[in-house]
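The values are calculated or read from the model by the stated rules, or taken from the named source; none is laboratory data. What you see is a predicted model; the values in this text were computed from it and never measured. Positions of Cβ are generated from backbone atoms using ideal geometry, with glycine treated the same way; all protein chains shown enter the neighbour counts. In case anyone asks, the SASA skips ligands and DNA or RNA and just uses the protein heavy atoms, side chains included. Shrake-Rupley method; radii C 1.70, N 1.55, O 1.52, S 1.80 Å.
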Amino acid sequence: MNLKQDIRRECERLGFSRVGFAAARRHASAQRLREWLDRDYAGTMAWMRDRWEERSDPTHLAPWARSLILTALPYDAEPPAAGPMQARVSRYAGGPDYHDVMKERLSRLSDFICGIIPGARSCPVVDTGAVLEKAWGAGAALGWQGKHTNLIDHESGSWFFVGELLTELELDPDETPITDRCGTCTRCLEACPTQAFPEPYVLDARRCISYLTVEHRGPIPEDLRESMGDWVFGCDVCQEVCPWNQDPSPGDAELAGPRDALHLAELMRMSRDEFNRRFAGTALRRTGWSRFLRNVAVALGNSADPRAVEPLREALLLPDPLVREHAQWALDRLRAGPAAGSAPSRVSAT
């Protein structure tokens with residue numbers, strides 16, 4: 001019986017677009033991760049520093065692990081609605097939280113393996129776990145790691161999630177990685193609104209809009225707010241310009257979500273309870289109400305639209321200092337008008 005082939009067939013049945021195998025051991029890129037952390041490119045993501053050994057070697061996370069089963073799950077890359085006073089969110093965030101979907105699929109894969117080999121230990125891991133998923137995925141031929149640091153599949157681009165199943169089974173690794181096909185292209189590096197790539201294949205998370213809107217917990221640095229535009233959760237710019245993403249494959253149906261427009265003024269007026277209800281079960285909920293409204297305030301400040309003034313004024317009355325500070329910045333930017341680069345001079349914060 002060819003266990004790897006059985007696993008591949010089950011992964012296909014579960015909706016994974018690709019599957020690969022790697023040996024559970026210290027990854028060759030461990031030193032590169034250490035250098036990246038030493039350059040402080042992780043920003044306030046202290047959990048990456050605290051668990052870097054586990055990320056470099058999955059046996060620190062699960063001492064019994066002998067292999068990794070790497071899987072790719074595509075998501076809908078259709079661009080959401082956009083227009084004046086509308087928020088932009090990363091395309092992956094429109095539907096159910098992918099962490100839940102991916103872990104549930106990986107758990108079903110674990111059950112399948114146990115049906116063949118009763119009692120076989122395994123552990124599903126998504127990106128909240130301590131595994132160098134992109135590096136392992138590249139080594140297991142899910143794709144190559146592009147200059148924007150995302151994995152790229154030559155057939156479907158980079159619109160997919162990566163999940164791992166750590167297992168105690170000894171499975172022969174796939175050790176023929178896909179050749180880097182970025183060539184001389186630098187579109188992703190040049191298009192980044194905040195210039196978050198100090199060099200190809202290296203991301204300074206401190207300048208990344210995805211990091212600033214999702215992971216960063218404090219005030220957004222003022223010198224980066226204008227460049228964030230109308231992004232309120234994540235950013236897709238580096239993927240949108242990638243030539244390999246021009247003809248994406250259909251996303252997994254379970255990950256699909258509504259394509260309704262998100263109006264900035266309406267979002268700014270959401271109470272904490274309304275935020276929790278509206279975005280329950282989605283990745284958007286992960287920021288929490290306070291940080292989400294922080295992001296919305298910045299987008300309103302960049303809108304150059306007089307309709308942004310009233311919801312921002314109302315936000316100045318909220319008890320949350322993080323929201324108030326960004327609302328005041330947004331009002332000041334709108335009031336500055338042409339001096340700020342975009343907003344009309346008739347807008348006033350008073």
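Some notes on this structure:
- Qualifying residue in segment 209-222 (condition: open to solvent by 20 Å² or more (accessible area, probe 1.4 Å), more than 26 Å from Ala253 (Cα to Cα) and free of Cβ contacts under 8 Å to residues at least 40 places away in the same chain): yes
- Candidate set: segment 39-58, residues that are open to solvent by less than 70 Å² (accessible area, probe 1.4 Å) and in contact with a strand residue (DSSP E or B) (Cβ under 9 Å, 6 or more places away or on another chain); chosen: the one modelled with the highest pLDDT: Tyr41
- When residues of segment 186-196 are limited to those that are open to solvent by 30 Å² or more (accessible area, probe 1.4 Å) and not polar (S, T, N, Q), the one nearest to Ala299 (Cα to Cα): Pro193
- Residue match in segment 293-312 (condition: part of a strand (DSSP E or B), touching a residue at least 60 places away in the same chain (Cβ under 8 Å), open to solvent by less than 30 Å² (accessible area, probe 1.4 Å) and on the phi < 0 side of the Ramachandran plot): no
- Segment 113-128, subset within 14 Å of the chain's Cα centre (by Cα) and open to solvent by 10 Å² or more (accessible area, probe 1.4 Å), residue nearest to Arg18 (Cα to Cα): Asp127
- Complete set of residues in segment 143-168 that are within 11 Å of Ala22 (Cα to Cα) and either surrounded by fewer than 22 Cβ atoms within 10 Å (Cβ to Cβ) or in contact with an Asp or Glu (Cβ under 7 Å, 6 or more places away or on another chain) (or both): Glu164
- Residue satisfying all of: in segment 234-257; part of a loop (DSSP other than H, G, I, E, B) and closer than 20 Å to Thr184 by Cα; modelled with the lowest pLDDT among these: Gln246
- Condition check for Ser110: closer than 15 Å to Leu284 by Cβ and either surrounded by fewer than 20 Cβ atoms within 10 Å (Cβ to Cβ) or polar (S, T, N, Q) (or both): no
- Residue selected from segment 95-104 under the condition open to solvent by 30 Å² or more (accessible area, probe 1.4 Å) and in contact (Cβ under 8 Å) with a residue 12 or more places away in the chain, by the criterion farthest from Ala280 (Cα to Cα): Lys103
- Every test in (1) of a type outside the set (A, V, I, L, M); (2) in contact (Cβ under 8 Å) with a residue 60 or more places away in the chain; (3) more than 21 Å from Trp52 (Cβ to Cβ) is passed by Gly139 save one, and that test is (3).
- Once segment 258-292 is narrowed to residues that are among the basic types (Lys, Arg), touching a residue at least 40 places away in the same chain (Cβ under 8 Å) and part of a helix (DSSP H, G or I), the residue that is surrounded by the most Cβ atoms within 10 Å (Cβ to Cβ) is Arg291.
- Whenever a residue of segment 8-19 is closer than 13 Å to Ser110 by Cα and among the hydrophobic types (A, V, I, L, M, F, W, C), its partners that are open to solvent by 60 Å² or more (accessible area, probe 1.4 Å) and modelled with pLDDT of 95 or more, lying with C-beta atoms within less than 7 angstrom and at least six residues away or across chains, give the pairs Leu14/Arg108.
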